[in-house]
Amino acid sequence: MIFCWDIGGTAVKFGLCDRQGTLYAKDEKSVSSDHYETPLLDKVLREARVFLGAFSDISIEGIGISATGQIDTRTGTVIGTNGKIPGWEGSCLKQSAEEVFGVPAFAINDANAAVLGECFAGRAKGRKNVVMVTLGTGVGGGLVLDGRPYGGAKGIAGELGHFTLYADGPECTCGKRGCYENYASTTALIRKCREVTGNILTGREIFERAREGDTRLLQAIDGWISDIAHGLTGLVHIFNPEMVLIGGGVSAQEELLMAPLRDRVLHTVMPRFAEGLEIERAILGNDAGMIGAAKWFMEKEKE
Ligand SMILES: [Zn+2]
């Protein structure tokens, strides 16, 4: 059994995963309750011991770690966080996990883990070239190319939320301007809808009212999808994927998001790129990071 962790900024998930990508047990714990007074890694290690304590009859072959931030996959160290989580940068995930549990451990960024999980046991099973874009408060991304997660020189590639869509756009959390995330995130949709209605609506409310025929919201959604599609078109031209996966809760909106998005991208990309291209919703949800982390362990242990 592979012990898999998915470390986020507010919670950590633990699971036991077999070599076919099935999760047998899982749990989630808050890690931000004291505003990071206890360093995130200390909390994770403590909770990991507690979780595993309940499975003393199961032998652990190794640990796969999916984690927020920029993770150097060669060393299993957090090398960047954009300052979001105090004390997280510099955390040696691989080394600490190996010291505490006495088995090999490997770490990967959570967005790359999610797309790897989807390719292993989710919607992109069997695909070798997949671009995943997760639409949430921000925009996350991950790449599997030629069957392997693509990490670039330091293992931190795939920041798909932070390429410039409009050079004159608003300032982004990364310090640049007009990043894709500022237009394609659900935060961007909520902002657009506030501009036309004067109200702050949740994503769910926006889609509910649009479905009831609110034309202002339908137009706002249309503009949002247009921006998402622009970015995806560029990504398709760069990577020539077999599948573009859309993650995030909003991807459940088939009629109001996925269908028009699919239509737009398939008609905008150069014809050869559209042949066989699938644009689908990710299906593993909150389990994607854990399953991807288990797969990452299986990939790395062979090296
Ligand atoms: Zn940015």
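See the values below:
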read-out: Flag for residue 196 being touching a strand residue (DSSP E or B) at 6+ places or on another chain (Cβ under 8 Å), more than 16 Å from the ligand (Cβ to nearest atom) and not assigned by TED's automatic domain parsing to the domain that holds residue 81; value: no
read-out: Qualifying residue in the stretch 260-277 (condition: of a type in the set (A, V, I, L, M, F, W, C), under 22 Å from residue 137 (Cβ atoms) and in a helix (DSSP H, G or I)); value: yes
read-out: Criterion violated by residue 37 - all others in (1) in a loop (DSSP other than H, G, I, E, B); (2) surrounded by 15 or more Cβ atoms within 10 Å (Cβ to Cβ) satisfied; value: (2)
read-out: Matching residues, the stretch 22-31, being part of a loop (DSSP other than H, G, I, E, B) and surrounded by 14 or more Cβ atoms within 10 Å (Cβ to Cβ); value: 31
read-out: Test: residue in the stretch 43-60 that is surrounded by fewer than 20 Cβ atoms within 10 Å (Cβ to Cβ), part of a helix (DSSP H, G or I) and of a type in the set (Gly, Ala, Ser); value: yes
read-out: Test for residue 189: is it at pLDDT 90 or above, among the aliphatic types (A, V, I, L, M) and assigned to a helix (DSSP H, G or I); value: yes
read-out: Test set (1) more than 30 Å from residue 104 (Cα to Cα); (2) part of a helix (DSSP H, G or I); (3) hydrophobic (A, V, I, L, M, F, W, C) - residue 246 fails condition number; value: (2)
read-out: Single condition residue 228 does not satisfy, out of (1) over 22 Å from residue 10 (Cβ atoms); (2) outside any helix (DSSP H, G or I); (3) within 16 Å of the ligand (Cβ to nearest atom); value: (2)
read-out: Evaluation of residue 295 against (1) under 30 Å from residue 67 (Cα atoms); (2) assigned by TED's automatic domain parsing to the domain that holds residue 132 (one fails), failing number; value: (2)
read-out: Among residues of the stretch 205-229, those that are closer than 25 Å to residue 178 by Cβ and either buried (at least 17 other Cβ atoms within 10 Å of the Cβ) or among the β-branched types (Val, Ile, Thr) (or both), counted; value: 9
read-out: Residue in the stretch 193-211 that is polar (S, T, N, Q) and at pLDDT 95 or above present; value: no
read-out: Odd one out for residue 213 among (1) over 21 Å from the mean Cα position of the chain (by Cα); (2) more than 16 Å from the ligand (Cβ to nearest atom); (3) in a helix (DSSP H, G or I); value: (3)
read-out: Selected residue (criterion: surrounded by the fewest Cβ atoms within 10 Å (Cβ to Cβ)) from residues of the stretch 116-167 that are among the acidic types (Asp, Glu) and away from the ligand (no atom under 16 Å from the Cβ); value: 146
read-out: Residue 202 polar (S, T, N, Q) and surrounded by 15 or more Cβ atoms within 10 Å (Cβ to Cβ); value: no
read-out: Residue check, residue 175 over 21 Å from residue 73 (Cα atoms), in a loop (DSSP other than H, G, I, E, B), modelled with pLDDT under 90 and within 12 Å of the ligand (Cβ to nearest atom); value: yes
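Yes or no, residue by residue, for (1) at pLDDT 95 or above; (2) over 25 Å from residue 284 (Cα atoms); (3) in the same structural domain as residue 37 (by TED's automatic domain parsing); (4) crowded, with 24+ Cβ neighbours inside 10 Å:
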site	(1), (2), (3), (4)
72	no, no, yes, no
80	no, yes, yes, no
84	no, yes, yes, no
101	yes, yes, yes, no
109	no, no, yes, yes
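The values are calculated or read from the model by the stated rules, or taken from the named source; none is laboratory data. Since the structure is predicted, the reported quantities are computational estimates derived from the model, not experimental observations. A quick note on method: Cβ atoms are made from the backbone with ideal geometry, for glycine too, and the neighbour counts reach across all protein chains shown.
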